[in-house]
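Only one structure is covered here, and it is reproduced in the block below.
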Amino acid sequence: MIRSEILKEIAPILNPHLVVCNIGLPSQELHMIDDNPRNFYMLGTMGLSSSIGFGLALAQDKPVISIDGDGSVLTNLGTLPTIANNATGNYTLLIIDNGSYGSTGDQPTYAGMKTNLTDVARACGCENVVEVQDKDLGPVLQEAVDSNQMTIIVCKCDSGNIKLPVITMDPVVIRHRFMEAVAE
């Protein structure tokens, strides 16, 4: 499976929750599959989906799911020890690990070489880290959200992108409707 197929499969699990989605194509794919006010689309901040989602989880009690890519996590490794040392039960970090920088042309990441993000997260002190193959993600994600235990899921999948348009919604509108969803 490629990332867009994974997002389509897990959209019903994501839908009722606050979701902070990674820059570029992942956000465009989620927008196309299941646009709703609870989705915050990152339009220009590589590596910060996990940080923003984690901060949001600390600030309120609703479940928050950050969707990040292996490339983005590698650009902001400092988030993993921060998450480990400030764990909150309403936070799930889903790392879609396709071994490539998908939004910039599928160049290989180090996660597609020697670096294992499951091991990195554990080495940073994250206690509940699960590595899963793409086809098995749905039940694992649902269990993580239901567990009220901070969970990092590293989902291994194939690299590849679908062609789709950019999100034309104004970033201010994205922010505003998401903030309203957070306040509900």
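The values are calculated or read from the model by the stated rules, or taken from the named source; none is laboratory data. Because the structure is a prediction, the values reported are computed rather than measured. A quick note on method: Cβ atoms are made from the backbone with ideal geometry, for glycine too, and the neighbour counts reach across all protein chains shown. Accessible surface is based on the protein model in full, side chains and every heavy atom, while ligands, DNA and RNA are left aside. Shrake-Rupley method; radii C 1.70, N 1.55, O 1.52, S 1.80 Å.
Give me the number: length gained by fully extending V166 to T115, i.e. 0.36 nm times residue separation minus the C-alpha to C-alpha distance, one decimal in nm. All intermediate terms of the calculation are to be shown ahead of the outcome.
Values: separation 51, 0.36 × 51 = 18.36 nm, distance 3.07 nm.
15.3 nm is the gain from fully extending V166 to T115.
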Rg to Rh quotient for region 22-105, alpha carbon positions, Kirkwood Rh: 0.95
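Expressed as a rounded percentage, what relative contact order does the chain have, with Cα pairs under 8 Å and six or more residues apart?
On the way: 354 pairs, mean separation 48.2, N = 184.
Rounded, it is 26 percent for the chain.
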What's the longest bit of the chain with no exposed trypsin sites (Lys or Arg not before Pro), using DSSP loop states and at most 11 other Cβ atoms within 10 Å as the test? 1-113
Accessible carbon and sulfur surface of region 84-140 relative to its total accessible area, %, 1.4 Å: 47 percent
Report the number of Lys pairs in the chain whose alpha-carbons are under 28 Å apart, with separation of 8 or more residues or on distinct chains. 10
Treating only Lys and Arg (+1) and Asp and Glu (-1) as charged, each at its beta carbon, one finds that region 84-165 has a dipole about its Cα centre, in Debye to the nearest 20, of 220 debye
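Where does region 123-183 land on Rg/Rh, using Cα atoms and the Kirkwood Rh? Numbers along the way, then the final one.
Numbers: Rg = 16.4 Å, Rh = 14.9 Å.
Computed over Cα atoms, the ratio is 1.10.
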Translational diffusion coefficient of region 8-65 at 20 °C, 1.002 mPa s, Stokes-Einstein with Kirkwood Rh over Cα pairs, in µm²/s as a whole number. 187 µm²/s
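Please report the antiparallel percentage of DSSP beta bridges with both residues in the chain, rounded to the nearest 5.
10 percent
Take the solvent-accessible surface of the protein heavy atoms, probe 1.4 Å, and return the percent of it on region 1-82 that carbon and sulfur atoms account for.
On the way: 1760 of 2820 Å².
On region 1-82, the fraction of accessible area on carbon and sulfur atoms equals 62 percent.
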Whole number in Å², please: accessible area per residue of region 110-184, 1.4 Å probe, ligands, DNA and RNA not counted. 60 Å²
Cα gyration tensor shape of the chain, rounded if a/c is under 1.5, else prolate or oblate by comparing a/b with b/c: rounded
Helix-derived mean residue ellipticity, 222 nm - over the chain, DSSP H n ≥ 4, -39500 (n - 2.57), to 500: -12000 deg cm²/dmol
Send over a whole-number figure in Å² for the accessible area per residue of region 1-101, probe 1.4 Å. 33 Å²
